[in-house]
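Rule-based calculations on the coordinates, nothing more; no lab input. Not measured: the values here are computed from a predicted model. Cβ placement follows ideal geometry from the backbone for every residue including glycine, while neighbour counts extend to all protein chains displayed.
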Amino acid sequence: MSGTANHSSAVRLRRIVVLLPLVAFLGLTALFLFRLNSGDPSLIPSALIGRPVPQTALPPVAGLKRDGGAVPGLEPASFKDAVSVVNVWASWCVPCRDEAPLLMQLAQDSRLRLVGINYKDDADNARRFLGRYGNPFAAAGADQNGRAAIEWGVYGVPETFVVGRDARIAYKLVGPITPDNFDSVLKPQIEKALAAGS
């Protein structure tokens with residue numbers, strides 16, 4: 001009799017062990033779908049907030065000029081003592097076209113420095129893009145292999161960072177700059193960074 005009870009317990013245990021991965025998979029799938037549909041992707045927090053900017057130097061976008069001079073690449077030391085807005089963009093990125101006028105508007109604020117990270121792009125296409133939509137960048141680094149974007153914690157283009165005078169990341173906007181988030185989110189974050197070190 002006890003042999004039969006032990007056998008049925010073993011069968012039950014085996015069923016539980018077999019079903020456990022399925023239950024875990026279904027739970028994770030439900031959590032993923034809930035997070036996917038639960039709001040604004042620009043609200044994804046960044047682990048880099050408050051941390052120093054990545055120490056990755058990038059070469060300039062080949063042949064890129066602004067106001068008659070060559071636009072330099074990205075130098076980590078250049079973030080010190082200036083409030084910077086860093087925009088990760090590419091010529092093949094459709095939302096990047098939509099946010100271009102807002103970046104041009106930001107570039108007119110002499111209190112800031114606009115920096116571009118050109119993500120996995122061809123230099124000719126990048127120059128054409130900026131020739132067509134305007135070049136707001138005081139510096140633009142070419143991230144051809146995507147390594148810098150990984151170090152900045154980029155999920156996809158476009159993304160925009162506000163960097164304080166202490167060369168630490170103060171804010172990250174995932175997705176394009178829009179008229180709505182420009183006034184309600186990005187500008188207040190920039191003002192906060194400007195006030196912080198003055």
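Remark on the stretch 121-198: Rg and Dmax equal 14.1, 39 Å (Cα only).
Listed by chain and number, the lysines whose alpha-carbon sits under 18 Å from that of Lys192, ignoring those within fewer than 8 places in the same chain, are Lys80, Lys172. Ranked by the mean number of other Cβ atoms within 10 Å per residue, highest first, peptides 63-70, 156-163, 131-138, 117-124 order as 156-163, 117-124, 131-138, 63-70. Packing here is the average count of other Cβ atoms within 10 Å per residue, and on that basis the peptides 177-184, 100-107, 86-93, highest first, run 86-93, 100-107, 177-184. Sequentially through the stretch 150-162, phi angles give Karplus couplings (6.51, -1.76, 1.60; θ = phi - 60°) of 4, 5, 7, x, 6, 7, x, 8, x, 9, 9, 10, 10 Hz, Gly and Pro residues having no value and appearing as x. Counting only the Cα atoms, the stretch 43-196 fills a convex hull of 100 Å³ per residue.
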